[in-house]
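Engineer: Sharing a structure with you now.
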Amino acid sequence: MRALRVVGIHEDGKSIVCEDPARRERFILPADERLRAAARGDITRLGQIEIELESQMRPREIQARIRAGESVQQVADSAGVPEQRVERFAYPVLLERSRFAELAQAAHPVREDGPDVRTLGEVVAYGFGVRGQDYGSAEWDAWKGDDGKWVVALRWQTGRSDMAAHWSFAQGAHGGTVNALDEHAEDLLDPHRAPRTLRAVEPEPLPVAEPEPPAPVVEEPEAVAPEPPAEPEPKPAAPPKPAPPAKPAASAKPKSKKNHPAVPAWEDVLLGVRSQRG
């Protein structure tokens, strides 16, 4: 590698003129931000510039994603850069996360009757002891949630299962408080409560299509025979007139002089009495 010496500033005012002492060849070097950072010996700034040039992800975005809980490997894979270039920006944020994880262990769990006298670390250590689990193998972590509040997590392994419990952490007097965010966190805060019983979930019955109601049968009206005309009510018969009493056999009368037949009077017909007429 040949060494160059600075001759001066180019006429454009944005570049530096360098010269090879052996061959007297001159070179133009842009006076950009990388050159200024190298001149100051700012290695961190040089690495930041490299990431900006090789990836669209800014260092501030990298730190924000680390603070939100992502690992260095996850960010490096997403940015498409080596992990070493992400670690230099992730390191201060990882220290911040570790610090809040320690602070949360000194906070007091909130119960129904108020904050517990014991700290979260003491309660969790007791819960592990009751269950016969190794508390020393558990790992604490913390990150900042989308709502700006810190979340503290505890991860451990039970058999072949990876377990995790989460609490929300709020700073305050006497170490602050923590609230359980899931069932594992609640179980660690109360190790003596009865375990949840699992029950089989029966599949929901498939909906049965209801039969369509039969179309209404339109019955044709039956032919009704016309009613016969009402017969007029018979008028009450007039009471029969009393039959006239049988007339006694008339005695032979002498023929009248004028030879006229004898006509009975109406009294004779009505009363059956024959008047004596001359």
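Since every read-out is calculated from the coordinates, none of them should be taken as a lab result. Worth saying up front: this structure is predicted, and the values here are computed from it rather than measured. Neighbour counts are summed over all protein chains in view; Cβ atoms, including those assigned to glycine, are modelled from backbone coordinates with ideal geometry.
Engineer: Suppose the chain between ARG26 and ASP162 were pulled fully straight at 0.36 nm per residue; how much longer would it get relative to their current alpha carbon spacing? List each step's numbers first, then the result.
Structural biologist: Details: separation 136, 0.36 × 136 = 48.96 nm, distance 6.29 nm.
Computed gain between ARG26 and ASP162 is 42.7 nm.
Engineer: Quick one: which residues, 5 or more positions from MET163 or on another chain, have an amide H under 5 Å from its amide H? H modelled 1.01 Å from N in the peptide plane, none for Pro or chain starts.
Structural biologist: Sorted by chain and number, the residues that satisfy this are TRP156, GLN157, THR158.
Engineer: In nanometres, what is the gap between the two model label sites at GLN133 and SER15, each 7 Å from Cα along Cα-to-Cβ?
Structural biologist: 6.5 nm
Engineer: With θ taken as phi - 60° and the coefficients 6.51, -1.76 and 1.60, list the Karplus ³J(HN,Hα) couplings across the range 128-139 in order, rounded to whole Hz; mark glycine and proline as x.
Structural biologist: For the range 128-139, the Karplus curve yields 5, x, 4, 8, x, 9, 8, 6, x, 8, 6, 10 Hz.
Engineer: Next up: Please list 3J(HN,Hα) in residue order for the range 31-39, calculated via the Karplus relation 6.51 cos²θ - 1.76 cosθ + 1.60 where θ = phi - 60°; whole Hz, with x for glycine and proline.
Structural biologist: Values per residue, Gly and Pro as x: 8, 8, 5, 5, 5, 5, 5, 5, 5 Hz.
Engineer: Can you list the HN-Hα couplings for the range 177-183, worked out from phi with the Karplus curve (6.51, -1.76, 1.60; θ = phi - 60°), rounded to whole Hz and with x for Gly and Pro?
Structural biologist: Running phi through 6.51 cos²θ - 1.76 cosθ + 1.60 with θ = phi - 60° gives 9, 10, 10, 5, 10, 8, 5 Hz.
Engineer: Next up: For GLY145, what residues show an amide H to amide H distance below 5 Å, using hydrogens built from the backbone and excluding near sequence neighbours?
Structural biologist: Excluding prolines and chain starts, which carry no amide H, the hits are TRP150, VAL151.
Engineer: As an exercise, identify the trypsin sites (Lys or Arg not before Pro) in the range 135-172 lying in DSSP coil whose Cβ has no more than 14 other Cβ atoms within 10 Å. Can you show the working numbers first?
Structural biologist: Values: sites: LYS144, LYS149, ARG155, ARG160; in loops: LYS149, ARG160.
Answer by residue number: LYS149, ARG160.
Engineer: If amide H atoms are built 1.01 Å from N in the plane of the peptide, which residues on other chains or at least 5 residues away come under 5 Å of the amide H of ILE16?
Structural biologist: HN-HN under 5 Å from ILE16: HIS10, LEU29, ALA31.
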